[in-house]
1. Counting every Cα pair in region A:161-219, what percent are over 18 Å apart?
2. Using 0.36 nm per residue, how much length does the chain from residue A:934 to residue A:339 gain when fully extended, once their Cα-Cα distance is taken away?
3. When the Kirkwood hydrodynamic radius is evaluated over all pairs of different C-alpha atoms of region A:509-612, what value in angstrom, to one decimal, is obtained?
4. Please rank A:597, A:859, A:66, fewest neighbouring Cβ atoms within 10 Å first, as an exposure proxy.
5. With labels modelled as points extended 7 Å from the Cα through the Cβ direction, what inter-label distance (nm, one decimal) is found for residue A:122 paired with residue A:146?
6. Computed FRET efficiency, Cβ-Cβ of residue A:886 and residue A:12, R0 30 Å: what is it to the nearest 0.05?
7. Using the alpha carbons of region A:733-842, what is the convex hull volume per residue in cubic angstrom, as a whole number?
8. Could you tell me, in Å, what Rg and Dmax come out for the Cα atoms of region A:353-413?
RNA sequence: GGGCGGUUAGCUCAGUUGGUUAGAGCGCCUGCCUUACAAGCAGGAUGUCGGGGGUUCGAGUCCCUCACUGCCCA
C-alpha cells in the first residue's frame, strides 16, 4: 500500500480528527484499580479547574501543555497516569454573568428570587459551561474525561459540607462582626487575597475637630486630623494621638466634638499612632478601617457602621444618609469648608484596594461573617513543606509560601452570594443559637425549636476547590468498598500551576489536604502520616505568558493572543512546542509567533522526512524488500559491522533519549524540546538522511558500484577496501539493513517527540505501521529509554571527524567560488586514525561535500586553497584563483583568535597555583587544548606566509 | 515600607554543585529550486555576560555595592 502524503504539512487537516478520536476512544481513562492489587506506580495530576465561565487563554495553554507533556511522558514510561479534569463554579464570576443576562431580559436577581436564580445559573452551566473544556479537548489534553468534575457536583458538595462541619466541631470555625473587605458592587465580603491594591493619586484632607473645654463647651481650640477618606468621619468614635507626642500633651483626657455629627468623642492615647504622618492625630473609625478596629478593641470604643451594602451612607450618617460614598465625601468636604473646619488639602499618593473580580474600590466595613481559624491548619501546612513532604519547583516559591503562611490571617469564608455552597448552619429564632449539621436539621440542636432558618451566605469558591485533591477521590465517603481510588491516587504527584494562585489555591489545598486526609488511614490500616496526607508531593510553578514585547497580555491593551486562533494558524503541535521550548522554570514567556513559525517549520520538516522514508519503503517493497516490523517499537540497535552513519544515529538517539528523560524529570521542558529538535533536524535530517541516501539502492542489483571502490592518492597505489565490500555479493542486505535502521530510528524518534507534538506524531506513527499498528495510539506505546551500552562515544567521535571534514570542504568551496553543482577532487593530509575513517567513509564525504575524488596526500599540493583542523589539512583541487585578500583576512582573524586562546591557556598553565590546585582532568584538558590551538596557529601562520603577496 | 526575582548576540532566551576559547532559535549577509522539505539546503558575521569592588589558581556562575527593571505582600 503506497503512502501518500501531501508535500506540505497541514495541521488543520489532521488535528481535529485526532482530538476527537482520543476523546471518543476514551484513550486516557484510568480506571479505578482493583482493590488489593498493586497496579504499579501512579502518576496523578489534578487540572487546576478553570472557571466554568472562562475562555481558554495562553496561560491555560501553557499550563495544560506542561501537564500534558508530563502525563503523556509518564504514561509512556509505564506509570498508571491519571490526569483529572474539571471546572470551578466560580461564585462571583458566574453569578455576575448570569445576573447581567437576567437584567438584559428586563428582570433581576431579586425579582427572580434565590431558588429561581440559582436554577437559571445551573441552566446556563448546562448550556455553556463546557466551552473551556471543549477548547481543551481541541488541544489534545490527555485527561481522563470519564472523571470530569464540577465543584458543585453532589459528590464534591458532600465533601464541602463535611469539611465545614468538621472544622466547626473542632472549634475552628467562628462567626462574628469584623472588618472585612466589602465590595459594594458584588455586595459581598471578599477575602484579603481578593483585594488588589493600586497606587492612586488622592488627597489628604486635614480636618479641625473642636476641643471641648472643662465647661463642656467648645474651648476654641482645635485638634487637626488627617484622613484620606473624610466621609468615614461620620462613624468616628475617637481621635488617637501618640502618648509621647509633646504637641498634644495638654489634650490628654480631653474630648472633641465631632463636626457635622455633633457627637462627643474622646481623645485616646496609643503608641500605634505615627507622629510623623499627617498631623500626628488620627481619627478612629472602628467600623471602617482594620487598624481603627484594632484600636477600638483595645480602647473599648463603640463601632458605628455608616455605610450600607451598596456603598451608600446609611441611617447613621444623619443628613448624608442615602448618598453614594463619593458624593457624601464631596458634600462633607464642602460642609467642613463652609464651617472653616478644613485646615488643608494635600495631594497624597496611596494604595487603594479594589475588588479582584470587578475592580470596584473595596470598602473596609464591619460586618458579620464566617471565618476559619487558620493557624492550626497553617502550622501543619508549614511543617509539610519544611520537612520536604512537598517540594516546590522553582525552589524560590517555597520562600514565598512560607512568608505568606507565617503571616496568615484568618480566612473569611462567607460570601453574600446565591451561587455556591450554602453554609450548612441554621439560625434559631428562639434561642438565637446556631446549629451546624451534616444533614439538614428539622429543629434547633440547642433548644429544639423548629423555627430555624438556614444561613443565606455561601462559601468562598476556594473552599471547595481547596478540597479537590481529597474530594475527587471520594473523601469523605471512604469505606472498605469505596477506597480504591483514594488508595491508588492520593496523594497526587504533582500540581502544575501559575504563581497567581499560589495562596488562593495551592496553599489552601495544602492546609485542607493535610488537615483532612490525615484522618484517612492508609490502605493497610496504618495511620496516615503527614508525608502521605499532603495533597501532592510536588508543585511546579510556571511563568506568565506575556506578549512578544514582554508586556502582560490584557484586554485593555488589546495584546491578548487567543490560543485557539494561533493554533488554527500554526497548528497545535507548533504552539505546544513553542511553549515547551520556552518554558524554562522561573522565567516568564515572551510569546513570539516567530518562534511558532519556526516550530511549524519543524513539524513540516518531520512530515517531509516521513515522506522521504515512506517513498523509500514503497520503492523497497516494489523490489521485494520489506522492513522487519518486529524490530519497531523498541530502542533501535545496530551491529558493530553496521555502517558508521547507522551506528552514529543510533548512538545519538540513545543519547537524546537519555537527555530528554532527564530533562523532563527536572521540569526542563526547554532542554527536552531543544534536544529533540536538535536530534530530529540537526542529526537525523541534516546528516543521517543525506548519508542514508547512499544505501537505499533497491533497483539496481549491481555489485561494487558504491562500495569498495576507492581512489587512493599518492600512496603507492594501495587498494583500500571498504568494510562493506564483503557484502557486495548481495546488495539487498545492506539496503534492507539501512532501511530498517532508518524506519526504526524514525519510529523511535516519533515516540520521543509525541508528548510534545501528539498530533503530528500520531498521524505519522500510524503511517509507519501502514494500518497495522501495535496499539491504538502512539500515546499508548513505550517511551524511548537509553540503553547504556548503545550510548557509545566512538561512532559519535568518528562521525564528528567526518562532519568536520565535510564542513571544511564546503566552506573552502564557497570561499574559492566553486559552483554549487560542480564536483571537485580534494586532497587530505592526515594521521593514520583519521585516515582510516575518511577512507572507509569516502563515499559519504563525496556525496555530502560534492567531492569527485578524495586523495590522501603527504603534502597538500602547492597553490591549492586549504583549510586546517587539528586532525587534518584539506584542500580543494580547483583551478580558480584564490581570493588572496579574503584569505589573508580570514587567516589573520583566525590567528588572532588562536593567539588569544593560546595566551590565555599558557598563562593558566604557567600559574603554579592552578597546577597545584585545579583537578587533574581540568589541567589535562587545558594542556590538550593548548596543544591543539598551537597546531592550528602554526598551520594558519604557515598558510598566511605562503599566500601570494599583494 | 517589607520580601523575592531579573539584567548574557539586533530580538527572545539557555548556560544545574565555580573549570578548557560563552550557546540556541529567530533575524541579518552570501550562494543554491542539489526530486523528502524554499515552511528548504549550504556557508558567514555578531557578545567589554548592567557598572564597580571582593573571594579564588580560576568568576557569566559565589559575596558586597550601585544602577535599572519586574513581581508579591502591607
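Only the coordinates and a few stated rules stand behind these numbers; no lab work does. What you see is a predicted model; the values in this text were computed from it and never measured. All Cβ positions, even for glycine, are placed from backbone atoms using ideal geometry, and neighbour counts span all protein chains on display.
1. 70
2. On the way: separation 595, 0.36 × 595 = 214.20 nm, distance 9.26 nm.
Extra length available between residue A:934 and residue A:339 comes to 204.9 nm.
3. Result for region A:509-612 stands at 17.2 Å.
4. Details: A:597 14, A:859 9, A:66 22.
Going from least to most buried by this count: A:859, A:597, A:66.
5. The modelled label-to-label distance comes out at 2.7 nm.
6. 0.05
7. 192
8. Rg then Dmax for region A:353-413, in Å: 15.3, 41.
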